[in-house]
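> So that we are looking at the same thing, I have put the structure below in structure tokens.
The values are calculated or read from the model by the stated rules, or taken from the named source; none is laboratory data. Here the structure is a predicted model, which means the values were calculated and not measured. Heads up, the Cβs are rebuilt from the backbone with ideal geometry, glycines too, and the neighbour counts pull from every protein chain shown.
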Amino acid sequence: MRIRFWGVRGSIPTPPSSYELRDKIFNAITIALDTSLRPRDIPSFINMLPHEVKSFVGGNTPCLEISHGKRILIFDAGTGIRNLGKLFTPTPSKDHLEALENLDHDPKAERAAPEENVQPTLRLDLILTHTHWDHIQGLPFFTPIYSRNTHLNIYGHEIAEKKRYLEIQQSDPRLFPINFDTLPAEIVFHEFPATGLVLEPFTLDSLKLPHPGGSHAFRVRAFDKTVVFATDYEISSDAPDAHRKKDDLKEFITNADVFISDTQYSYRESHSKEGWGHSSALNIVEMAVECGVKRLYLFHHDPGYDDQKLYDILDKASSFARLLYPQSTLSIRLAAEDVIIDLTEE
């Protein structure tokens, strides 16, 4: 089982600023001054730099890939899904170009009938946690949907409603120039079963989360490994049935090998924004330790936090865990774009 982060930011895309880039360059040069760096050593020097110096956490909104072999599960379609799509169509396909050339056609025109004996060669599964804008805004820029070679299954709870929201996003040329119903790809919507879903080799379960407008967590199991993806939720002590909701989530994440969790706010900010539907790292660390989680990835980063702030949150969360739970083996990490977790090697 392989996990890759394509988008980790919450609420709105946040490209890094030139000031952040300058700070990283400054830090890299500062480290270099302590070495006898020669020009030929520069590539290896860059590789050994800490991630926070040589890379950005990332500004794309949520998109997560979990895969094994040819089976690719995609969770959420934030702007990160655009870069994922490039893996399958590194250059615009003929279908994509034709779609762009025919923007003046009737936007309500019916999808062209598929050619006989032509079977899609690319099959993908997209699972939606919910349809807040930051979790679906990248789908129109996912290049595989412009190819007749693509079969895309879209799963979610109350899928008819989610389908309607996606169609609204692309049903008016004043919002987007290509109508959802005329896309060349074969797109099929599925209600996520209450009893769970099997997409070999993966078994998936879901849990409803407390979030304005609703959201769902998903647990993915394969090869004796368990991954839980829970974004956009807030366990508030003042909310109705708060204890039951927290107990349900604790049961859902118990003994997970990887827990990818919403931790959008700092602990202080979580109090000033109570009811907004997001969590703080310190509260989630406490729950992860109690439930025997092996690795926790902080996710859905606030758009107002630069990398320095995010690594500060990570440091405080790690210190909190060491101080309160000295016997805990929980590993706490920061979800960052292009980070790959390969559970098959463990």
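> With the requirement that a residue be surrounded by fewer than 18 Cβ atoms within 10 Å (Cβ to Cβ) and farther than 17 Å from Ile66 by Cβ, what does the range 197-211 give you?
Across the range 197-211, the qualifying residue is only Lys208.
> Would you confirm whether or not the range 239-248 contains a residue that is under 18 Å from Leu152 (Cβ atoms), part of a helix (DSSP H, G or I) and over 22 Å from the mean Cα position of the chain (by Cα)?
no
> Just to verify a result, which residue in the range 173-197, among those that are more than 23 Å from Leu73 (Cβ to Cβ) and in contact (Cβ under 8 Å) with a residue 12 or more places away in the chain, is nearest to the chain's Cα centre (by Cα)?
So, considering only residues that are more than 23 Å from Leu73 (Cβ to Cβ) and in contact (Cβ under 8 Å) with a residue 12 or more places away in the chain, the one nearest to the chain's Cα centre (by Cα) is Phe176.
> Additional query: Pairs under 7 Å by beta carbon, first residue more than 22 Å from Leu330 (Cβ to Cβ) in the range 305-316, partner surrounded by 16 or more Cβ atoms within 10 Å (Cβ to Cβ) and of a type in the set (A, V, I, L, M), six or more apart or different chains?
Note: pairs meeting the criteria are Asp307/Val57.
> Does Arg164 satisfy being farther than 28 Å from Gly69 by Cβ and free of Cβ contacts under 8 Å to residues at least 60 places away in the same chain?
Yes, satisfied.
> Additional query: So how many residues does the range 244-282 have that are more than 22 Å from Gly214 (Cβ to Cβ) and among the polar types (S, T, N, Q)?
4
Table: residues versus (1) surrounded by 15 or more Cβ atoms within 10 Å (Cβ to Cβ); (2) in a loop (DSSP other than H, G, I, E, B).
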position	(1), (2)
Asp134	yes, no
Leu152	yes, no
Lys163	yes, no
Glu167	no, no
Pro173	no, yes
Pro193	no, yes
Arg219	yes, no
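> Now for a different question. Which residue is nearest to Ala336 (Cα to Cα), if the candidates are limited to the range 255-293 and must be surrounded by 20 or more Cβ atoms within 10 Å (Cβ to Cβ) and of a type in the set (Phe, Trp, Tyr)?
This residue is Phe259.
> Any idea which of Asp306, Asp241 is surrounded by fewer than 23 Cβ atoms within 10 Å (Cβ to Cβ), under 13 Å from Leu209 (Cβ atoms) and not assigned by TED's automatic domain parsing to the domain that holds Ile72?
On inspection, the qualifying residue turns out to be Asp241.
> OK, next. Suppose we filter the range 311-331 for residues that are aromatic (Phe, Trp, Tyr) and closer than 19 Å to Ser55 by Cβ; how many remain?
Result for the range 311-331: 1.
> In the set Ile313, Ile332, Ile235, which member is assigned to a loop (DSSP other than H, G, I, E, B) and touching a helix residue (DSSP H, G or I) at 6+ places or on another chain (Cβ under 6 Å)?
Every option except Ile235 fails the conditions.
> Can you name the residue in the range 206-216 that is under 17 Å from Asp134 (Cβ atoms) and small (Gly, Ala, Ser) and, of all such residues, is modelled with the highest pLDDT?
Among those that are under 17 Å from Asp134 (Cβ atoms) and small (Gly, Ala, Ser), it is Ser215.
> Suppose the filter is closer than 30 Å to Ile72 by Cβ and surrounded by fewer than 23 Cβ atoms within 10 Å (Cβ to Cβ); does Leu296 pass it?
no
> Tell me yes or no: at least one residue of the range 170-193 is modelled with pLDDT of 90 or more, within 26 Å of Val293 (Cα to Cα) and touching a Gly at 6+ places or on another chain (Cβ under 8 Å).
Within the range 170-193, one or more residues are modelled with pLDDT of 90 or more, within 26 Å of Val293 (Cα to Cα) and touching a Gly at 6+ places or on another chain (Cβ under 8 Å).
> When the range 288-346 is examined, which residues are found to be at positive phi and within 18 Å of the chain's Cα centre (by Cα)?
His300, Asp338 - these are the residues of the range 288-346 that are at positive phi and within 18 Å of the chain's Cα centre (by Cα).
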